[in-house]
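Working notes, beginning with the structure itself.
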Amino acid sequence: MTDHKPKVKKRAGKVVHSAVSLHAREKAEEIRGRYDRVIDYQTVLEMLEDRKSVRYPVELRFVSEGIDPGMFARTEPVSENPEDGYTIMLHSYFENRHDDLPMLILYQLVLVNYGDLATANDAEIFGATILGLDRDTYYQQVAALVDDVWSD
């Protein structure tokens, strides 16, 4: 008689998330290669129009209400059809802070490209890779910007 032990299966969620994380990193590397220059606000605006970089149309808005404390933005689909696009609502504090906007917008783009499958880790890796930063540096800079908004 042989011992038959069931094989341990990976949860589907982990497999899917690993695939999303890998694809997000690869896409970020591809985008960085395509925009082989300083990634500034104008460059990010160009990316938003490039369907090779951003899967669906994006509109940026600056709002004071509706951003939860401790956050800098929220991203919502325009409709139930992703093809209709998304709106990234950034805290109005950042409206004229063009040097800060690339890292904040890039963080939100994983929601546009990957929807609910994307995590904060994916957002950090995606933004950091496009900007040519290590993940910890990127996270610290985003966190400092969030602190600036809510420290008053």
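Taking amide H positions as placed 1.01 Å from N in the peptide plane, with prolines and chain starts having none, which residues 5 or more places from THR87, or on another chain, fall under 5 Å of its amide H?
Amide H neighbours of THR87, under 5 Å, 5+ apart: GLU59, GLU76, VAL78.
Summing Lys, Arg as +1 and Asp, Glu as -1, what charge do residues with Cβ under 11 Å from the Cβ of SER92 carry, SER92 excluded?
0
With charges set only on the Cβ (+1 for Lys and Arg, -1 for Asp and Glu), what does the dipole of the range 32-152 come to about its Cα centre, in debye to the nearest 20?
Here the size comes out at about 420 debye.
How far, in degrees from 0 to 90, does helix 135-150 lean away from the longest principal axis of the Cα atoms of the chain, to the nearest 10?
50 degrees
Once phi is turned into ³J(HN,Hα) by the Karplus curve 6.51 cos²θ - 1.76 cosθ + 1.60 with θ = phi - 60°, what whole-Hz value does each residue of the range 24-30 show in order, with x for glycine and proline?
Each residue of the range 24-30 in turn: 4, 5, 4, 5, 4, 5, 4 Hz.
For the chain, what proportion of DSSP beta bridges, expressed in % and rounded to the nearest 5, is antiparallel?
45 percent
Which whole number in µm²/s is D for the range 87-152 by Stokes-Einstein, with the Kirkwood Rh taken over Cα pairs at 37 °C and 0.692 mPa s? Each step should come with its number before you reach the end.
Details: Rh = 12.2 Å.
Rounded to a whole number, D works out at 268 µm²/s.
Against the longest principal axis of the chain, how steep is helix 101-114, in degrees 0 to 90 to the nearest 10, with axes from Cα atoms?
With both axes taken from Cα atoms, the answer is about 40 degrees.
Given the Cα atoms of the range 27-72, and with Rh set as the inverse mean 1/r over their pairs in the Kirkwood sense, what is Rg to Rh to two decimals?
Here the Rg-to-Rh quotient is 1.07.
Rank-order 135-141, 101-107 by packing density, defined as the average count of other C-beta atoms within 10 Å over each peptide's residues, highest first.
Descending packing order for the listed peptides: 101-107, 135-141.
Could you tell me the largest-minus-smallest coordinate of the C-alpha atoms of the chain on each of the three principal axes, in descending order and whole angstroms?
74, 36, 35
Quick note: the coordinates plus some simple rules give every number you see, no bench work behind them. Keep in mind that what you see is a predicted model, and the values were worked out from it rather than measured. Virtual Cβ from ideal backbone geometry, glycine too; neighbours counted across all protein chains shown.
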